[in-house]
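Below you'll find the structure, written out as structure tokens, and then a few comments.
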Amino acid sequence: MPQMSCGHCKSSIEKGVASVDADAVVDVDLTSREVSVRRVSNTEMLIEAMKSAGYEAHVLS
């Protein structure tokens, strides 16, 4: 699984989320290697898009 560590990683994640839901709000924190997404319309599709890009993804309560 790739490590999120650069601007290219951030851009890839943002584009992947936008491909699922253009209105989602994405926050990529490269220091903590965490991504937060708010207002996504289809959580399952988002998780699959992240996994397809090679990143671990799951829903936090």
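The values are calculated or read from the model by the stated rules, or taken from the named source; none is laboratory data. Predicted, not measured: the structure shown is a model, and the values here were computed from it. Positions of Cβ are generated from backbone atoms using ideal geometry, with glycine treated the same way; all protein chains shown enter the neighbour counts. Note: areas computed on protein heavy atoms with side chains; ligands, DNA, RNA excluded. Shrake-Rupley method; radii C 1.70, N 1.55, O 1.52, S 1.80 Å.
Ligands, DNA and RNA left out, the accessible area of the chain computed with a 1.4 Å probe is 49% carbon and sulfur. Where only DSSP H runs of four or more residues are counted, the chain gives -12000 deg cm²/dmol as its mean residue ellipticity at 222 nm, each run worth -39500 (n - 2.57). Loop-located GluC sites (Glu not before Pro) in the chain (DSSP state other than H, G, I, E, B) with a sparse environment of at most 16 neighbouring Cβ atoms within 10 Å: Glu56.
Rounded to the nearest 20, the Cβ-based charge dipole of the chain about its Cα centre (Lys and Arg +1, Asp and Glu -1) stands at 100 debye. Note on the chain: Rg/Rh from C-alpha atoms, Kirkwood Rh, equals 0.91.
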